[in-house]
Structure formats: structure tokens, C-alpha cells
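Shown next, in C-alpha cells, is the structure this report addresses.
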Amino acid sequence: AFLTIGTFMSLFGFFHIKNAWTLANWGRVFHDPIFLNSLKNTLAMSLGAALLAVTLFSLIAYIIVRTKFALRSVLDFITWLPSAVPGILMGIGLLWLFLDTPLFRPLYGSVWLLIIATVIGGMTLGVQILKTNLLQLGVELEEAARTSGASFWATYRRVGVPLMFPTLILVAVLNFIHAARDISTVALLATSASRTLALLQLDFMVSGRYESARTRDRSAASF
């Protein structure tokens, strides 16, 4: 409630000044082309991160739980690493990787790089949720599919994914939210063309425009 009230104040926190209330903050934000571009970048990044996370995390969890892959323990250990590395350090690592690798260098500053970074940042939670879901499901249907001649991919796509579908929706929503509000991971990877709403809010707050920053936050949340 106070966050919403602050968006209508000419100077946040000062209720006793003359002309304390204004709609100028909302008008300034919604007529700002930088805001509209940041909104578009945030939606593209968050939707892309949600789709990629669902596909990648479900496959990783399925391999760890349902297969006898020799390195599945190593793969499981790798999924825990993003939670142990601070977001800013992960951003530096990805920055070095994409700048030093000619193949990946064209992706620097693009929304695609931000999608990859935010998906890596949300890997631990997403994979563990799907692992827990798979451990609670019986393997009879998958064994029946294999007995009927279905390949690994056919079993995963036609049996595993439908069984995990409610949990996949949860993982997609969680990664959408994580990508939309992430600052530390993408701070060093974004450019002015790929700036997200979270970074725009940070810019507003650093420049002392707290009212506009709160307006941005409330308008994005309403969207």
C-alpha cells in the first residue's frame, strides 16, 4: 500500500509539503520510450527464460532420476553450483565467456544472453522441484512404454512430460518471476538496448528518482 502511495507523491515520504500528490510520475513513466523498451525486453527475457527452463530442467531432472547415466551424480552436483555462486560473480564469468569466445561474442548485450544467464541462476530450485516430483511418481507407465518399444525421447515426451505438467507450470512461473526481477546476474550483461525493468528501476533509484522507480515497479507488477 505504501509503495503504491509513494508513486503518487511529488517527494516520497514528505506528506506535509505543498502539492504533495501528483500524477506526473505515472505520466512520465508511461510516456518514456526507455520504459516501453525495457518492458518489452523484460517480457521477452522472462518468457524465454520460462520456456527454456522448463525444457532444460525437466530433461536434467529426468536424466538424474530415471536413467542409469554414469555421470548423473556429477550432473546433479553441477545443478547445485548456481546457488553457491553470487549472481554478480556469475555475471562476470558469463561476461568473460561470451567476450572471449568468438562464437558467442555476437550474443553479448542481447536478450538471448540474459535468458541464458537467468536460466542458469534459477537452475538449482527448478531442477530440485522437478526431481522431487519425479521421485513421487511411479515408473510403471514409463516401463510399459519402454516394453512397448518406445525410445528414451518418446517416453520422456509422451509419458514423462504429461506426468510432470503441473510441476512444469510451477517451474515456468517461478523462472518468469526470477528473470523479471533479477538484477545481479544481468547487470554486467545488459546494454542500453537490452535494459530490463529491474535495471531501469535501479537507474532511477541511483539518480534519486525514487517516485518514478516505485511507479515503474507498480506498473510492472500490475502488468
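The values are calculated or read from the model by the stated rules, or taken from the named source; none is laboratory data. Because the structure is a prediction, the values reported are computed rather than measured. Please note: Cβ atoms are built from the backbone with ideal geometry, for glycine as well, and neighbour counts cover all protein chains shown. These accessible areas exclude ligands, DNA and RNA; they are computed on the full protein's heavy atoms, side chains included. Shrake-Rupley method; radii C 1.70, N 1.55, O 1.52, S 1.80 Å.
Looking only at residues in the range 173-191 that are of a type outside the set (A, V, I, L, M) and more than 17 Å from Ser83 (Cβ to Cβ), which one is least open to solvent (accessible area, probe 1.4 Å)? Quick ask: steps written out before the conclusion?
So in the range 173-191, the residues of a type outside the set (A, V, I, L, M) come out as 175-176, 178, 181-182, 184-185, 191.
Now restrict to residues that are more than 17 Å from Ser83 (Cβ to Cβ): 176, 191.
On the way: Phe176: 69, Thr191: 50 Å².
Checked the range 173-191; the qualifying residue least open to solvent (accessible area, probe 1.4 Å) is Thr191.
Can you pull out the residues in the range 21-58 that are at pLDDT below 75, surrounded by 12 or more Cβ atoms within 10 Å (Cβ to Cβ) and either closer than 30 Å to Thr79 by Cβ or of a type outside the set (S, T, N, Q) (or both)?
The answer is Ala24, Trp26, Arg28, Val29, Phe30, Asp32.
Which members of the range 93-122 meet the condition of being at pLDDT 80 or above, open to solvent by 80 Å² or more (accessible area, probe 1.4 Å) and not in a helix (DSSP H, G or I)?
Hits for the range 93-122 are Pro102, Tyr108.
Restricting the first residue to the range 50-74 and requiring it to be on the phi < 0 side of the Ramachandran plot, which pairs with a second residue that is open to solvent by 40 Å² or more (accessible area, probe 1.4 Å) and among the aromatic types (Phe, Trp, Tyr) meet a Cβ separation below 7 Å and a spacing of at least six or different chains?
Going by the 7 Å Cβ cut-off, the qualifying pairs are Ala50/Phe176; Ile63/Phe69.
What are the pairs, 6+ residues apart or on separate chains, where a residue within the range 91-106 that is within 17 Å of Thr191 (Cβ to Cβ) has its Cβ under 7 Å from a residue that is of a type in the set (Val, Ile, Thr) and surrounded by 11 or more Cβ atoms within 10 Å (Cβ to Cβ)?
Within 7 Å, the pairs are Gly91/Thr185; Gly91/Val186.
Give the residues of the range 76-88 that are open to solvent by 40 Å² or more (accessible area, probe 1.4 Å) and either of a type outside the set (Ser, Thr, Tyr) or over 30 Å from Leu200 (Cα atoms) (or both), sorted by residue number.
Step one: list which residues in the range 76-88 are open to solvent by 40 Å² or more (accessible area, probe 1.4 Å), which gives 77-78, 80-81, 83-86, 88.
Across the range 76-88, the qualifying residues are Phe77, Ile78, Trp80, Leu81, Ala84, Val85, Pro86, Ile88.
Tell me whether the range 36-46 contains one or more residues that are outside any helix (DSSP H, G or I) and farther than 25 Å from Leu163 by Cα. It would help to see each step written out before you state the result.
Step one: filter the range 36-46 for residues outside any helix (DSSP H, G or I), giving none.
Looking through the range 36-46, none of the residues is outside any helix (DSSP H, G or I) and farther than 25 Å from Leu163 by Cα.
Residues of the range 58-85 being outside any helix (DSSP H, G or I) and of a type in the set (A, V, I, L, M), which ones?
Ala70, Leu71, Val85
So how many residues does the range 90-131 have that are within 20 Å of Thr42 (Cβ to Cβ) and among the aromatic types (Phe, Trp, Tyr)?
Selection size over the range 90-131: 2.
Could you grab me the full set of residues in the range 123-143 that are open to solvent by less than 60 Å² (accessible area, probe 1.4 Å), more than 14 Å from Leu56 (Cα to Cα) and under 24 Å from the mean Cα position of the chain (by Cα)? Give the derivation first.
Here is the first cut: in the range 123-143, the ones open to solvent by less than 60 Å² (accessible area, probe 1.4 Å) are 123-124, 126-131, 133-134, 137-139, 142.
With more than 14 Å from Leu56 (Cα to Cα) added as a condition, the list becomes 133-134, 137-139, 142.
Scanning the range 123-143 gives Asn133, Leu134.
Can you tell me which residues in the range 144-164 are assigned to a helix (DSSP H, G or I) and either surrounded by 13 or more Cβ atoms within 10 Å (Cβ to Cβ) or in contact (Cβ under 8 Å) with a residue 24 or more places away in the chain (or both)? If you could, list the steps in order and put the result at the bottom.
If we filter the range 144-164 for residues that are assigned to a helix (DSSP H, G or I), which is where we start, we get 144-147, 152-164.
Across the range 144-164, the qualifying residues are Ala145, Arg146, Phe152, Ala154, Thr155, Tyr156, Arg158, Val159, Gly160, Val161, Leu163, Met164.
Applying the selection to the range 155-179, what residues are at pLDDT below 85 and among the small types (Gly, Ala, Ser)?
Gly160
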